[in-house]
Amino acid sequence: EEHRNEQWHQKLHNNTTPEDIGICRAVIKYLQTDGNMGEYWKVLHEHGIDKERLASYSRPITTEPYMVHTDRGRLIGDFERYLGILRSVHDALDLQLALDHARGVLPGDLQGKLQGICDMGGTGFANLDEGHGKFMKIFDARQRMLAMLNSHDIQPNVIKELLILDYTLETQQSVLVQGMQSESRLVQLIDQLRCLLTSLIGHIPTEDELQAILADWTVLGGECASLRWNGSTDSALLLKAMADRTSRVVGELSDKCQALMGPKAAFLGDQVGAPKRNIDIFVDEVLRGTSLIAVSLVLQRLEPVLRGLAHLPPWQMISPVDKPVQGELQLIDKMTHIQDKVFETPTVLLSGAVSGEEEVPDGVVGVLVRSAKEAPDILSHCAVRARNFGVLLATCFDPAISAKLEDFAGKWVEIRCKADGNLDVEMKPRPAQEAAKATAEDGKATERMDVKMNLADSLGCSWCITPDEMTRASVGSKSLNLSLLHPKLPKDILTPQAVALPYGCMQKALVDSANKDFVLKELEKVLGKLKPKTSNEEAQFIFEEAQLLIHAMKMPEELKDSIFEAMTKVGAQQQEARLRDLFKPRDAWDAIKGVWSSLFALRPWVSLAKAGRSFHDLNMAVLVQELVEARYAFVLHTVNPFTHDKDELYGELVAGRGETLVGNFPGRALSFAVKRGGEPRVISYPSKSVALHTQHCLIFRSDSNGEDLEGFAGAGLFESICAEEDKPGFQRIHRLSVVTDAGYRARLLKKIAETGWAVEKAFDGAPQDIEGCIDVNERVFIVQSRPQV
């Protein structure tokens with residue numbers, strides 16, 4: 001009996017339907033008749049259920065019950081009580097009871113809507129149209145109740161009755177969504193998602209991003225669902241971007257609830273001696289009882305529909321990872337079969353069914369699910385754990401790819417999550433056992449060169465230099481490339497005005513009389529603790545102390561005067577004093593110290609160790625630029641990095657400042673490709689959560705020689721700091737002209753592409769990696785350009 005009940009339990013957990021009432025009654029009859037299998041099937045047939053129907057469920061029931069040696073009377077009582085729960089959900093018994101109790105405080109029109117739901121025959125339906133109709137009928141009533149709940153003059157006793165009614169309706173809506181598992185019609189799925197989000201926001205109105213997401217679905221969802229928004233492909237691409245963002249936010253809500261409820265559940269469960277397994281999944285089960293599960297299911301059904309319409313890559317990233325994952329690929333039938341296994345070497349699982357309840361086993365670094373039909377949703381226990389522990393979890397939508405991956409069984413593979421949504425899997429040489437262990441051990445010191453730090457040699461530098469004074473010996477590639485680029489560009493392509501604090505300027509400030517007696521001496525003492533064998537954990541404490549000392553530095557008067565003079569000179573050369581007018585010494589000094597202090601951090605320490613280099617090899621300049629008030633920011637590769645087509649430019653664009661594009665901000669940018677002489681082709685629409693907006697001010701950008709050091713990946717290791725704080729806002733894509741106005745988008749993207757080719761030409765045709773922006777006056781600015789790798 002255990003195996004059959006486990007199959008039914010899996011079916012109930014995945015999607016309970018009115019047929020569960022018939023199954024429960026059949027089990028009760030079987031027990032009452034001392035195991036009469038004929039009576040069991042008779043009751044099932046009375047409810048229109050046969051063996052084929054049981055086997056057709058997404059979690060199939062393929063076994064029959066058998067008699068167990070236990071107190072059958074007690075077992076029958078348990079099943080009868082459970083039958084009562086099923087009937088209260090599917091036959092609307094709870095709703096009728098709650099309505100009868102609340103009639104005295106409800107307006108007549110709402111009573112009529114609710115009674116109509118009670119009389120519509122529960123959550124059963126003969127076809128998808130009937131199921132969807134019942135769903136929308138419930139939504140109409142919930143809308144009316146939410147309007148009352150959010151009114152200013154509502155009384156406490158009415159709130160209580162409305163919440164009880166709404167909870168019952170939410171349960172019915174979720175059950176209907178679970179039952180409509182074969183729904184693939186775009187219009188109906190978008191309607192359901194929009195309705196569920198509306199009700200969800202009604203109960204958590206403080207979730208501002210949900211408000212922004214709902215606004216996008218409301219304005220754009222209907223036209224896209226009917227495939228009238230710039231055609232079927234663009235409609236599907238935009239819906240995909242909106243769905244991806246919604247999935248991410250629902251996942252974040254789940255994680256937030258986990259963080260709030262998990263510790264309390266663990267404490268209380270421990271006090272009453274609850275089994276650890278029950279404690280671990282308690283919050284997951286609570287969340288799966290909310291409308292979040294219905295949202296998750298609709299999103300899961302949307303995914304293959306949108307991928308097909310938009311001709312998208314065959315992978316869905318449930319838990320993506322930034323770095324390549326390496327391990328031995330092993331084939332498994334189901335994740336449930338290996339819950340207690342510990343993998344001694346890093347392992348990638350190519351799995352069949354993943355129900356979502358499983359734990360990711362120890363030693364597993366990635367899970368690839370072979371079929372979307374057997375994949376977990378974004379709220380599943382497994383998905384939450386994968387995100388928490390940085391384990392790759394992805395679902396394949398292409399059976400041919402899944403079959404090909406099986407050829408890697410037992411082989412050592414490397415997996416990369418690509419920016420275009422694809423997944424690269426390739427065989428690699430199996431590392432030596434010692435190397436594998438070293439990779440798995442976190443925090444252990446790596447062999448390093450002797451730690452040498454230049455704190456007192458200014459390299460004979462000036463305090464501040466202008467672009468015409470910049471050389472490879474004095475600044476990094478950010479400053480140098482811009483100084484070389486500016487005179488070669490067409491007049492309509494601008495660069496921000498800039499000066500630079502050259503290599504050695506930090507040391508010059510440290511030996512200045514304002515800092516040498518305290519800061520320099522203390523800094524030498526603190527950094528003197530660093531040894532080649534210093535662990536990462538110990539180094540972290542040393543660096544934190546060093547950063548505090550850098551921030552204690554005082555600004556030399558000569559530095560302040562030199563910056564002002566250099567900015568004045570640049571303004572005179574360009575006949576516009578934009579840079580000088582933005583200079584505020586106190587804010588500037590705080591930002592400069594922030595850039596310098598990022599030199600003393602764990603990330604460069606680890607990267608230097610991997611490259612076998614010392615801090616003595618690093619030099620740090622600071623590029624002081626005007627921060628353009630950007631409407632859009634972009635990054636361009638003048639050779640498409642995915643196809644390596646030299647005649648096709650690839651670009652990504654975001655609203656506001658480019659930090660959301662190059663920094664660690666979730667979601668995708670608007671990505672596009674343009675052939676020379678051709679029209680822009682949109683690859684993906686934006687799914688970023690946040691847009692950053694900053695007023696016209698200065699930005700202080702780290703400009704190290706790290707990218708010029710062999711073996712050392714210096715890009716992105718050091719800080720760039722704005723003099724003014726960014727003002728983040730949740731993005732509403734229906735307000736972005738680059739999304740909603742096809743003509744404007746085509747003109748803008750073509751203009752940006754032509755800018756990229758002009759920059760490439762300025763560097764003698766060498767492929768370029770370019771950062772730039774469009775300001776509020778629609779002018780193009782190039783912020784940075786470097787050789788494309």
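Quick notes
- For the residue pairs Lys525/Lys593; Lys11/Lys404; Lys323/Lys411; Lys411/Lys646, alpha carbon separations beyond 24 Å are given by Lys11/Lys404; Lys411/Lys646.
- Heavy-atom accessible area order for Ser226, Ser402, largest first, 1.4 Å probe: Ser226, Ser402
- Contact order relative to length of the range 97-166, as percent, for alpha carbon pairs under 8 angstrom and 6 or more apart: 39
- A Cα-only calculation for the range 148-222 places Rg and Dmax at 14.5, 43 Å.
- A probe of 1.4 angstrom, applied to the heavy atoms of all protein chains, finds His45 with accessible area near 110 square angstrom.
- Our summary gives the chain a relative contact order of 9 percent, counting only alpha carbon pairs under 8 angstrom and 6 or more residues apart.
- The range 1-89: C-alpha gyration tensor shape, a/c 1.5 cut-off, then a/b vs b/c: rounded
- Relative to the longest principal axis of the Cα atoms of the chain, helix 93-102 runs at roughly 80 degrees.
- In the chain, a dipole from Cβ-located charges (positive for Lys and Arg, negative for Asp and Glu) runs towards its positive end, and of Val739, Gly112, Ala265 it is Val739 whose Cα lies farthest in that direction.
- Largest first and in whole Å, the equivalent-ellipsoid semi-axes of the range 724-775 read 27, 18, 7, each the square root of five times a Cα gyration tensor eigenvalue.
- Dipole of the chain [Lys/Arg +1, Asp/Glu -1 at C-beta], most positive-end residue of Leu520, Ala723, Val364: Ala723
- Sequence of Ser351, Ser371 when ordered by accessible area, the most exposed leading, probe 1.4 angstrom: Ser371, Ser351
- Counting only protein heavy atoms and a 1.4 Å probe, the chain has 45 square angstrom of accessible area per residue.
- Protein accessible area in the chain, 1.4 Å probe - carbon and sulfur %: 52
- Rg ratio (alpha-carbon, reference 2.2 N^0.38 Å) - the chain: 1.12
- The range 61-115: C-alpha gyration tensor shape, a/c 1.5 cut-off, then a/b vs b/c: oblate
- The range 201-350 - convex hull of alpha carbons, volume per residue in Å³: 168
- Check: the chain dipole with +1 on Lys, Arg Cβ and -1 on Asp, Glu Cβ, in debye: 840
- Cα gyration tensor category, rounded, prolate or oblate, for the range 652-789 with a/c compared to 1.5: oblate
- Lys, Arg +1 and Asp, Glu -1 on Cβ, resulting dipole of the range 585-693 about Cα centre, debye, nearest 20: 260
The values are calculated or read from the model by the stated rules, or taken from the named source; none is laboratory data. Source: prediction; values computed, not measured. As a convention, Cβ positions derive from the backbone with ideal geometry for all residues, glycine included, and neighbour counts pool all protein chains shown. We work out accessible area using only protein heavy atoms, side chains counted, and drop any ligands, DNA or RNA first. Shrake-Rupley method; radii C 1.70, N 1.55, O 1.52, S 1.80 Å.
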